[in-house]
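Single-structure report; data block below.
The values are calculated or read from the model by the stated rules, or taken from the named source; none is laboratory data. Computed from a predicted model, the values in this text were never measured in an experiment. Note that we place each Cβ from the backbone using ideal geometry, even for glycine, and neighbour counts take in every protein chain shown.
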Amino acid sequence: MVKFWDSIPNHLRDFALEQQVFFTASAPLAGKHVNVSPKGLPATTFTIFDANHAAYIDATGSGIETVSHVYENGRVTVMFCSFGKSPRIMRFFCTGKVVEWNQPGFGPLLEKMGKRKVEGARAIILLNVFKVQSSCGFAVPFLTTTPAVGDEISAKDVQPELKDRETLGHWASEKLEKKQLRGYQAEWNSASLDGLVGLTVARRDRGEILWLTSTRAWRAPLATVLRVIRTGPICQCAGLNRYFSAKIPEDEDVGGVLGRGCPSVMRGGEA
């Protein structure tokens, strides 16, 4: 069952730092490329400062999508998932700031994170976590070991292998048998987290007036545009953001975890 929090619970904090890989997702406001990037070694590159603030070290690579998207609109999602026997998917929905390696705040922030300098690090991505989601992870494969075929088996013959879980199939079969699957879809699949329309059959089963609720398809993007205008560098520098009065999560200062000593980091701007 999916669960939501406005901050990171302690048990999910521990879960995040125990994983061997995490993923970041970001997208531009316009353009074709929605980016997903795998990141390794959360224990040495990812820090959770408190229940709503985190950061990770961004290493040099062949692409710069996440940094570019965060610069443009500040939106980034971080996902962790378990490949062990106990399934789980967890997402941190965030707004972000970029601190590049040559900015004065980079060193103090690295020290605040309690991390060693990573060779080839190009930036630190500061994260303001405004929503946490945990879900079942029943369809994520689990890592196991399979011995090689033969009479004599040594340690080098034991190979790691990703195997499919059967949990999701069992869960769905039980829901179908009890005639509960459409009810589940009606409850959870009729709209996105931002209010965009979901499955048509789920909306119909909920008794929605389809043409009326379809107006979400244009209301939500308009709100996003206004949000980005308000928090963008032009409005921030010109002081125009005060004319957009809607309260949004991005208002929180993701750099505040450092205290007063690093204004360039607190603002997330260039030195």
query: Is there a residue being assigned to a strand (DSSP E or B) and of a type in the set (D, E, K, R) anywhere in the range 37-45?
result: yes
message: Being assigned to a helix (DSSP H, G or I) and of a type outside the set (Val, Ile, Thr) is true for just one of SER68, SER62. Which residue is that?
response: SER68
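Counting only residues that are of a type in the set (S, T, N, Q) and under 15 Å from THR215 (Cβ atoms), which one in the range 189-199 is surrounded by the fewest Cβ atoms within 10 Å (Cβ to Cβ)?
Of everything passing the filter in the range 189-199, SER192 is surrounded by the fewest Cβ atoms within 10 Å (Cβ to Cβ).
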- prompt: Hey, does the range 30-47 have a residue that's buried (at least 19 other Cβ atoms within 10 Å of the Cβ) and hydrophobic (A, V, I, L, M, F, W, C)?
  reply: yes
message: Taking the criterion of being in contact with a strand residue (DSSP E or B) (Cβ under 9 Å, 6 or more places away or on another chain), without any contact (Cβ under 8 Å) to a residue 12 or more places away in the chain and closer than 28 Å to ASP194 by Cβ, would at least one residue in the range 63-71 satisfy it?
response: yes
message: Take the residues in the range 21-48 that are in contact (Cβ under 8 Å) with a residue 12 or more places away in the chain and out of contact with any strand residue (DSSP E or B) (no Cβ under 7 Å at 6 or more places or on another chain); name whichever of them is nearest to ASN102 (Cα to Cα).
response: THR44
- line: Checked the range 73-100 for anything over 20 Å from HIS53 (Cα atoms) and surrounded by fewer than 19 Cβ atoms within 10 Å (Cβ to Cβ); matches are SER82, PHE83, GLY84, LYS85, SER86, ARG88
task: Return the residue satisfying two criteria in turn: it lies in the range 135-159 and is at pLDDT 80 or above and on the phi < 0 side of the Ramachandran plot, and of such residues it is farthest from the chain's Cα centre (by Cα).
output: THR144
- prompt: Can you tell me which of ALA172, ALA186 is more than 30 Å from ALA30 (Cβ to Cβ), modelled with pLDDT of 80 or more and surrounded by 16 or more Cβ atoms within 10 Å (Cβ to Cβ)?
  reply: ALA186
